[in-house]
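What follows draws every value from the coordinates through simple rules; no lab data is involved. Keep in mind the model is a prediction, meaning the values are calculated, not measured. Glycine gets a Cβ as well: all are built from the backbone with ideal geometry, and neighbour counts include every protein chain shown.
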Amino acid sequence: MTIGPQQIERLNARLWPDEEHAAFALLDGAGIPNLLDKLHDEGGPEFECLYMGELAPDMAEVAPYLVRLVPGSAFLDWVFSGWGQHWGVFAVLPASLDLSAVRRHFRKLNIAYGPNGNPLLFRYYDPRVLGVFASTCDNFQLQNLFGPVAHFVTEGENPDQARILALANGALVEERLSLN
């Protein structure tokens, strides 16, 4: 689905609710063709990989990336062009946090442990995963998931809607936002 100016305006209102907040994208390199090229374009966004260390080129292509978004930027327009294709999720956090602090929070979520205790990569930044996972969390797990995040914005089950996930009194609150 291609989203137009009205849909973008609705999303922007949730991504930048006021001057106290900043918007970030958690983008899945495994599902986005040419993500690294877009990140490294001249005038591209401020970003960091959510994996540690120097990655082999093939791993860097499929890794998840944290990107600080700038309203009205060409990069943001490009990200919006992938709406409905499960490219990632948006997170709204206090504007006072720098990219490395935000990265530290999200890096803690990269590993989950299976029933036998083995570590597994956890793709929480897939919009098809985040809402389902969050709905199964207890209060402690929700606090770990959200940390400093005011709310997440993800694609809905249909690309003509968005999901807003937030915490209220330690409980998950979900709002569905129509983009039509």
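Computed quantities for the displayed model
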item	result
Reciprocal mean inverse distance between Cα atoms of segment 5-178 - Kirkwood radius, Å	16.5 Å
C-alpha center-to-center spacing [segment 153-180, segment 18-37] in angstrom	18 Å
Cα Rg over Rh - segment 126-176, Kirkwood	0.95
Relative packing of peptides 2-9, 98-105 - highest average C-beta neighbours within 10 Å first	98-105, 2-9
Helix-only [θ]222 nm of the chain, DSSP H runs n ≥ 4, -39500 (n - 2.57) each, per residue, nearest 500	-8500 deg cm²/dmol
Summed side-chain charge close to Ala63 - residues other than Ala63 whose Cβ falls under 15 Å, Lys, Arg +1, Asp, Glu -1	-3
Sum of side-chain charges, Met52 neighbourhood, beta-carbon under 15 Å (Lys, Arg +1; Asp, Glu -1)	+2
Within-14-Å neighbourhood charge of Gly4 [Cβ basis; K, R +1; D, E -1]	-2
Normalised contact order of segment 5-178, rounded percent, pairs of Cα under 8 Å and 6 or more residues apart	21 percent
